[in-house]
Amino acid sequence: MVTYPIHVSRDSYRGSNPKKRAKAQATNQLASSLEAHINKKLQNQSEPIRVYMYQELALETGIAYDAVRKLGFSIDGGSGGFTAYKSGLTQEQAMDIVAKRNRT
């Protein structure tokens with residue numbers, strides 16, 4: 001599970017090939033945009049635990065699903081999305097809140 005803030009990995013290509021440099025720059029712009037969008041969602045998250053699906057994020061951002069899936073994998077290693085707990089809570093606290101809600 002993850003919590004605010006997250007980081008989306010960037011393409012670190014620094015070679016002299018202009019096509020590869022342009023591709024890396026484009027990828028890094030998408031990563032920056034995706035990271036900002038996700039961090040805003042995480043900052044405003046009200047649920048103690050929430051699942052964010054890459055398909056949902058792709059639709060919200062307008063970034064192609066395959067790009068979101070590839071970039072998002074660096075967040076938590078999930079193939080379809082990731083699970084986040086509310087900022088300010090530990091994983092245990094978030095799970096306790098959910099457990100208490102399920103008991104009532």
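Observations on the model:
- Of the residues making up region 77-93, those that are without any contact (Cβ under 8 Å) to a residue 60 or more places away in the chain and either more than 18 Å from residue 8 (Cα to Cα) or of a type in the set (Asp, Glu) (or both) number 4.
- Qualifying residue in region 6-22 (condition: crowded, with 16+ Cβ neighbours inside 10 Å, modelled with pLDDT of 95 or more, more than 30 Å from residue 99 (Cα to Cα) and within 12 Å of the chain's Cα centre (by Cα)): yes
- Sole exception among (1) over 30 Å from residue 93 (Cβ atoms); (2) surrounded by fewer than 14 Cβ atoms within 10 Å (Cβ to Cβ); (3) of a type outside the set (A, V, I, L, M, F, W, C) for residue 47, by number: (1)
- Within region 63-76, restricting attention to residues that are surrounded by fewer than 17 Cβ atoms within 10 Å (Cβ to Cβ) and touching a residue at least 12 places away in the same chain (Cβ under 8 Å), the residue that is farthest from residue 29 (Cα to Cα) is 76.
- Selection status of residue 52, within 25 Å of residue 92 (Cβ to Cβ), aromatic (Phe, Trp, Tyr) and in contact (Cβ under 8 Å) with a residue 60 or more places away in the chain: no
- Residue within region 27-48 that is over 14 Å from the mean Cα position of the chain (by Cα) and under 12 Å from residue 2 (Cα atoms) present: yes
- Hits in region 25-44 - residues which are buried (at least 16 other Cβ atoms within 10 Å of the Cβ), over 25 Å from residue 89 (Cα atoms) and touching an Asp or Glu at 6+ places or on another chain (Cβ under 9 Å): 27, 28, 31
- Pairs with Cβ under 7 Å, 6+ apart, first in region 3-30 and closer than 26 Å to residue 83 by Cα and in contact (Cβ under 8 Å) with a residue 60 or more places away in the chain, second acidic (Asp, Glu) and outside any loop (DSSP other than H, G, I, E, B): 6/35; 7/35; 8/35
The values are calculated or read from the model by the stated rules, or taken from the named source; none is laboratory data. Treat the numbers as computed from the prediction; the structure is a model and nothing was measured. Backbone-built Cβ (ideal geometry, glycine too); neighbour counts: all protein chains shown.
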